[in-house]
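Notes follow once the structure below has been shown.
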Amino acid sequence: MPRSIIIDTDPGIDDAVAILLALASPQLEVLGLTVVAGNLALAPLVGNALAVAELAGRADLPVYAGCPRPMGEVQQNAAAAHGEGGLGDLIPPPASRAPHAAHAVTYLIETLRGAAPGGITLCALGPLTNIAVALIMAPEVAPAIAELVIMGGGSRGNVTPAAEFNLHADPVAASLVFAAGVPITLVPLDVTETVKSTPERVAAIRRVGTRCALAVADLLSPGPPGDKGAPVRPAMAMHDPCVIAYVLAPELFAGAAANVTIEIAGDFTRGMSVIDWRGRTARPANARVLQTVDAAGIYQLLAERVANLP
């Protein structure tokens, strides 16, 4: 029986690859995409979610617009990394439909409320605003969450020296989510940054030859040469696809339980994920934190699965 998942996302380059991997995998039933502001403002990200679903031949997949800003300070977007449209050099045809009329938070609450205990896995690829608001508004839905798999955090940051983008984008929401008592698996930068796209790995995906495989290869490739001959952006690490890969093939990863606390203030530490590996705080473990990954296995999985799409 397929595992039911909801993908909460801010569709940039690696989000798009993650969504395609999920839609290409028969073990997963993607119930819907909920979109949160993060990599860009909300409206273009909703358009990206709709376009990626249609690229995969899934115009039936419901897409819900969610929170347009974080709970705390307004953060800058990541257009420098993902391009002005959010999908690098990939320009998919405009979506032929609008998002669902319901708000993403309403959808999350109603869907979880109607699910059996442990019936739905949430895959969080962006800031945790939508999920935090849902758990604040309806804490009784928490038992329906089988697992919340979060891309975020790490021992070093990529926005500040201490903070990773998704958690830095809304540390208040992240702090609330980690304190909510739901089963969490954290997929940090320490893991995802080791899953780099190389020319050989991208070429294997491109050889699949379908429109979705070609789109994935384009997304993972460096941008065109700039004025000085170097690519406009580096080859993409598989940050968000690691979330879906973990749900599909947890044997490709290793990790351990620890307490994770999110700093919500500080000139240098706002958004930092404090992982208490040694138990110095005596706080109980609230997450499984992944530590290693079989990077080659991730790319093999992606190449195999994307062949299932148009």
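The values are calculated or read from the model by the stated rules, or taken from the named source; none is laboratory data. The shown structure was predicted, so the numbers you read here are calculated from the model rather than taken from an experiment. Glycine gets a Cβ as well: all are built from the backbone with ideal geometry, and neighbour counts include every protein chain shown.
When residues in segment 118-168 are screened for being assigned to a loop (DSSP other than H, G, I, E, B), among the polar types (S, T, N, Q) and closer than 21 Å to residue 76 by Cβ, 2 of them pass. Screening residue 284 against (1) within 30 Å of residue 215 (Cα to Cα); (2) touching a residue at least 24 places away in the same chain (Cβ under 8 Å); (3) of a type outside the set (Asp, Glu) leaves a single unmet condition, (1). Taking segment 266-310 as the range and being more than 21 Å from residue 154 (Cβ to Cβ), in a loop (DSSP other than H, G, I, E, B) and modelled with pLDDT of 95 or more as the test, the residues that pass are 284, 307, 308, 309, 310. Selection over segment 182-217 of residues that are among the basic types (Lys, Arg) and in contact with a strand residue (DSSP E or B) (Cβ under 9 Å, 6 or more places away or on another chain) gives a count of 1. Evaluated against (1) more than 18 Å from residue 128 (Cα to Cα); (2) crowded, with 21+ Cβ neighbours inside 10 Å; (3) modelled with pLDDT of 95 or more, residue 210 falls short on exactly one condition, (2).
Here's the yes/no breakdown for (1) at pLDDT below 95; (2) over 17 Å from residue 150 (Cβ atoms):
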site: 10; (1), (2): no, no
site: 24; (1), (2): no, yes
site: 29; (1), (2): no, yes
site: 32; (1), (2): no, yes
site: 54; (1), (2): no, yes
site: 58; (1), (2): no, yes
site: 77; (1), (2): yes, yes
site: 112; (1), (2): no, no
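Taken together, the residues in segment 150-175 that are touching a residue at least 60 places away in the same chain (Cβ under 8 Å) and either surrounded by fewer than 24 Cβ atoms within 10 Å (Cβ to Cβ) or farther than 25 Å from residue 16 by Cα (or both) amount to 9. Taking the criterion of being buried (at least 19 other Cβ atoms within 10 Å of the Cβ) and among the polar types (S, T, N, Q), the residues of segment 270-294 that qualify are 273, 286. For segment 1-105, the strands (runs of 3 or more DSSP E) that sit wholly inside it and include 3 or more residues that are in contact with a His (Cβ under 9 Å, 6 or more places away or on another chain) are 63-65.
With respect to being within 15 Å of residue 149 (Cβ to Cβ) and free of Cβ contacts under 8 Å to residues at least 60 places away in the same chain, residue 118 fits the description.
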